[in-house]
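One structure is given below, encoded as structure tokens.
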Amino acid sequence: MPQKSLLMIPGPTPVPDDVLRAVGRPMMNHRGPEYRAMQKELVAGLKEAYQTTNDVQIFPAAGTGGLEAAVVNVLSPGQRVLAVPVGSFGERFAEIAEVYGADVQRLSMEWGQGAPPDRIAAALEADPSAEVLMITHNETSTGVLNDVAAIARAARQVRPDVLILVDSISGMLAADLRTDEWDLDVVVAGSQKAWMIPPGLTFVSISERAWAAHKAAKMPRFYFDFSRMRKSMQNDETPYTPALPQLFGLQVSLRKILAEGVPASVQRHSRMAAATRAAVQALGLELFAQEGYYSNSLTAVRVPEGLTGAGIRTQMREQHGVVIAGGQGGYKDKIFRLGHLGYVDENDVLAMLGALELSLRELGRPVEPGQGVAAAQTVLMGEARA
């Protein structure tokens, strides 16, 4: 019998069957009434998911395109930016700003560490010329979840008008994010994460403060121009051909997300993450992320002595059909990453953890059968009773 495959990486994530069917729908006239009705529904749903009354725009791009859109629409060459990378994708955000000529000052954290709000506030206070703060909500490369609410609050106490740009590509819907309540200016998300659709769309929210910055911004832009997109979206259209298959999928997935409810989505991801961490620790493995900054989207695990990350991943994939992710950068073979993001439930997590147990045993690490799975089940049963 052909081996089944279980995708447990932090993106692209599994896609529900009804969403896959929607992606295969026949094309429509993207200037006709059927499309306009769909876009109106999508924008309303995105605003509810973002918890915002701000504009939310949809661009055909991976999440990195959304980060670029955030940069080029509100910044000018030479403008001072405080970037707070806690891993690979935070560094990418900073690099994009540098490529377009921003004056980027980094407050970098050691990989695996979170970003303390007091250090960010102190850095802003020490640098009065920094007008922009760039922060990652969930850092996929390290399994770190930053406290964006506390960071924004601390930053505004020092600099009330600082422009706050947030990469929540892998964070939104998996962890709490309240765009308006936390006074965030630009928030970027990506389709292939908790939104449960294939890669190819990025979403960007834009506050009134960000629109004011946009009017003064001098970086070059065309395809990702907020003004160009806003003008078309006022007529429920886009300035260029939209990615219709992904939008068809988004229509179905958004209905599922809103039916579950954003708080319930966050709680589901939190439960899966807690169960995974309990299993990892029961197996005698070490979590990579700093305690108190654990991600709901994925769990990063240090490779135990005597094994390799590539060996663990290969064993799980080839012998048990479970696909997990490796590390990035200097941690390429020092950690492995267990995804529990998007269209994932308890059975998926337990299957992944069972495959991890088997793989470790087969690679020579002493593991008591059921040791990790039992710890995960204890968490899941306890939270279910609660």
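The values are calculated or read from the model by the stated rules, or taken from the named source; none is laboratory data. Everything numeric in this text was worked out from a predicted model, so none of it was measured. Virtual Cβ from ideal backbone geometry, glycine too; neighbours counted across all protein chains shown. With ligands, DNA and RNA removed, areas are computed over all heavy atoms of the protein, side chains included. Shrake-Rupley method; radii C 1.70, N 1.55, O 1.52, S 1.80 Å.
I'd like to know if segment 198-217 contains one or more residues that are open to solvent by 10 Å² or more (accessible area, probe 1.4 Å), under 29 Å from Ala325 (Cα atoms) and part of a helix (DSSP H, G or I).
no
Exactly one of (1) out of contact with any Ser or Thr (no Cβ under 8 Å at 6 or more places or on another chain); (2) modelled with pLDDT of 95 or more; (3) farther than 25 Å from Ile197 by Cβ is unmet by Val84. Its number?
That leaves (1) as the condition not met.
Quick check on my filter: what residues within segment 98-121 are under 17 Å from the mean Cα position of the chain (by Cα) and on the phi > 0 side of the Ramachandran plot?
Listed by number, the list holds a single entry, Gly112.
For segment 177-197, how many residues meet the condition of being open to solvent by 10 Å² or more (accessible area, probe 1.4 Å), over 16 Å from Gly45 (Cβ atoms) and of a type in the set (A, V, I, L, M, F, W, C)?
The total comes to 1.
Within the group Tyr50, Tyr35, Tyr100, which residue is among the aromatic types (Phe, Trp, Tyr) and open to solvent by 50 Å² or more (accessible area, probe 1.4 Å)? Steps first, answer last, please.
Working: Tyr50 fails: open to solvent by 50 Å² or more (accessible area, probe 1.4 Å); Tyr35 fails: open to solvent by 50 Å² or more (accessible area, probe 1.4 Å).
That would be Tyr100, the only listed residue that is among the aromatic types (Phe, Trp, Tyr) and open to solvent by 50 Å² or more (accessible area, probe 1.4 Å).
Residue-wise test of (1) assigned to a helix (DSSP H, G or I); (2) open to solvent by 40 Å² or more (accessible area, probe 1.4 Å); (3) not aromatic (Phe, Trp, Tyr).
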| site | (1), (2), (3) |
| --- | --- |
| Pro242 | no, no, yes |
| Gly249 | yes, no, yes |
| Ile257 | yes, no, yes |
| Arg268 | yes, yes, yes |
| Met272 | yes, no, yes |
| Ala279 | yes, no, yes |
| Leu285 | no, no, yes |
| Ala289 | no, no, yes |
| Gly292 | no, yes, yes |
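List the number of the failed condition for Ala300; all other conditions in (1) over 15 Å from Gln113 (Cα atoms); (2) within 20 Å of the chain's Cα centre (by Cα); (3) touching a residue at least 60 places away in the same chain (Cβ under 8 Å) hold.
Evaluating Ala300 over (1) over 15 Å from Gln113 (Cα atoms); (2) within 20 Å of the chain's Cα centre (by Cα); (3) touching a residue at least 60 places away in the same chain (Cβ under 8 Å) leaves (1) as the failure.
Which residue pairs have Cβ atoms closer than 7 Å, lie 6 or more positions apart in sequence or on different chains, and pair a first residue in segment 363-378 that is open to solvent by 30 Å² or more (accessible area, probe 1.4 Å) with a second residue that is not in a helix (DSSP H, G or I)?
Matching pairs, first to second residue: Leu363/Leu307; Arg365/Pro304; Arg365/Leu307; Gln371/Leu283.
Residue-by-condition table, conditions (1) surrounded by fewer than 24 Cβ atoms within 10 Å (Cβ to Cβ); (2) touching a residue at least 24 places away in the same chain (Cβ under 8 Å); (3) under 18 Å from Asp103 (Cβ atoms); (4) within 18 Å of the chain's Cα centre (by Cα):
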position	(1), (2), (3), (4)
Ala123	yes, yes, yes, no
Ala126	yes, no, yes, no
Ser129	yes, yes, yes, no
Met134	no, yes, yes, yes
Glu139	no, yes, no, yes
Thr142	no, yes, no, yes
Asp147	yes, yes, no, yes
Gln157	yes, yes, no, no
Pro160	yes, no, no, no
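Modelled with pLDDT of 95 or more, aliphatic (A, V, I, L, M), open to solvent by 30 Å² or more (accessible area, probe 1.4 Å) and out of contact with any Ser or Thr (no Cβ under 6 Å at 6 or more places or on another chain), is that true of Ala115? Quick ask: steps written out before the conclusion?
Working: modelled with pLDDT of 95 or more: yes; aliphatic (A, V, I, L, M): yes; open to solvent by 30 Å² or more (accessible area, probe 1.4 Å): no; out of contact with any Ser or Thr (no Cβ under 6 Å at 6 or more places or on another chain): yes.
Spelling it out, it is not the case that Ala115 is modelled with pLDDT of 95 or more, aliphatic (A, V, I, L, M), open to solvent by 30 Å² or more (accessible area, probe 1.4 Å) and out of contact with any Ser or Thr (no Cβ under 6 Å at 6 or more places or on another chain).
Would you say Arg92 is closer than 30 Å to Asp236 by Cβ and among the charged types (D, E, K, R)?
On the way: closer than 30 Å to Asp236 by Cβ: no; among the charged types (D, E, K, R): yes.
In short, no.
Looking at Gly339, Gly292, can you tell me which residue is in contact with a Ser or Thr (Cβ under 9 Å, 6 or more places away or on another chain) and touching a residue at least 12 places away in the same chain (Cβ under 8 Å)? Please lay out each step first, then the result.
Details: Gly292 fails: in contact with a Ser or Thr (Cβ under 9 Å, 6 or more places away or on another chain).
Sole residue among the options that is in contact with a Ser or Thr (Cβ under 9 Å, 6 or more places away or on another chain) and touching a residue at least 12 places away in the same chain (Cβ under 8 Å): Gly339.
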